[in-house]
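First comes the structure, then the notes that go with it.
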Amino acid sequence: MSINLKKGQKIDLTKGGSGLSRIMVGLGWDEAQPAQGGGAFGLFKSKPQPKYEFDCDASVILLNEMGKLYGSNAKDCLVYFGNLKHSSESIIHNGDNLTGAGDGDDEQITVDLSLLPTGVDKLVFVVNIYDGEKRNQHFGMIENAFIRLVDLRNGSEICRFNLTEDYSGMTGMIVGEIYRYKGEWKFNAIGQPVKDAGRLQSLVNLYA
């Protein structure tokens, strides 16, 4: 049975020899619907539609035991739409969704914990609105955002974290993290917004 997490809650993924190794991390979001016109005699018109569609990008930042970027180059420490597969093949991004349209996961990332390099102690899952500042878009204009973990042995959902706060003015989000603790892997639901993160580099710089 899936566990619904609240911000800051943590769960064990591998404790007790569960055998869990391959995980699908699904991230989803919807563009908030504008308020419809109404009121007396239709005097209050609906809000204007945004000029651009929302292009939210999900990425994974790999960190070492010191909480800093793993490795010596971008391909070592980052899996995103420009680098869909880590060299260790432990993390595979299933591709960029340019609009977030449709139900369910908008982007999916597969993680094989058994293949992660020994120097990797944390995987940080982030989402940013591409060029959000330039397009005057922010997470206050997004709804139904979530992250969920699925056990790929049987397709069952392990946990889900729905991001329900008001993130107006923020263009980046640290959604959650999978981290190593005393030889076991855990998941932490974070939901921390980041301002001025329309480009992924701004999120990566937090861990440089």
Taking the residues in the stretch 95-117 that are at pLDDT 95 or above and surrounded by fewer than 17 Cβ atoms within 10 Å (Cβ to Cβ) as candidates, determine which candidate is nearest to the chain's Cα centre (by Cα).
Asp112
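With respect to Asn128, is the statement that it is surrounded by fewer than 16 Cβ atoms within 10 Å (Cβ to Cβ), of a type in the set (S, T, N, Q) and closer than 17 Å to Phe54 by Cα true?
Here the answer is no, as Asn128 does not meet what is asked.
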Do the conditions hold for Asp76, that is, is it at pLDDT 95 or above and not in a loop (DSSP other than H, G, I, E, B)?
yes
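Inside the stretch 83-189, counting only strands (runs of 3 or more DSSP E) that do not spill past its ends, which hold 3 or more residues that are closer than 26 Å to Ile3 by Cα and in contact with an Asp or Glu (Cβ under 9 Å, 6 or more places away or on another chain)?
Passing ranges, in order: 91-93, 122-129, 142-151, 172-181.
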Residues Ser168, Ser114: which one is under 25 Å from Asn64 (Cα atoms) and among the polar types (S, T, N, Q)?
Ser114
Any chance Arg135 is modelled with pLDDT of 95 or more and farther than 24 Å from Ala74 by Cβ:
no
Quick one: in the stretch 190-199, which of the residues that are in contact with an Asp or Glu (Cβ under 7 Å, 6 or more places away or on another chain) and not in a strand (DSSP E or B) is nearest to Phe54 (Cα to Cα)?
Gly198
Name the pairs whose Cβ atoms lie under 8 Å apart, with the first residue in the stretch 118-141 and within 14 Å of Ile91 (Cα to Cα), the second in a helix (DSSP H, G or I), and 6 or more positions between them or separate chains?
Val124/Tyr207
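The values are calculated or read from the model by the stated rules, or taken from the named source; none is laboratory data. Please read all numbers here as calculations on a predicted model, not as lab measurements. For neighbour counting, all protein chains shown are included, and Cβ atoms are generated from backbone atoms with ideal geometry for every residue, glycine included.
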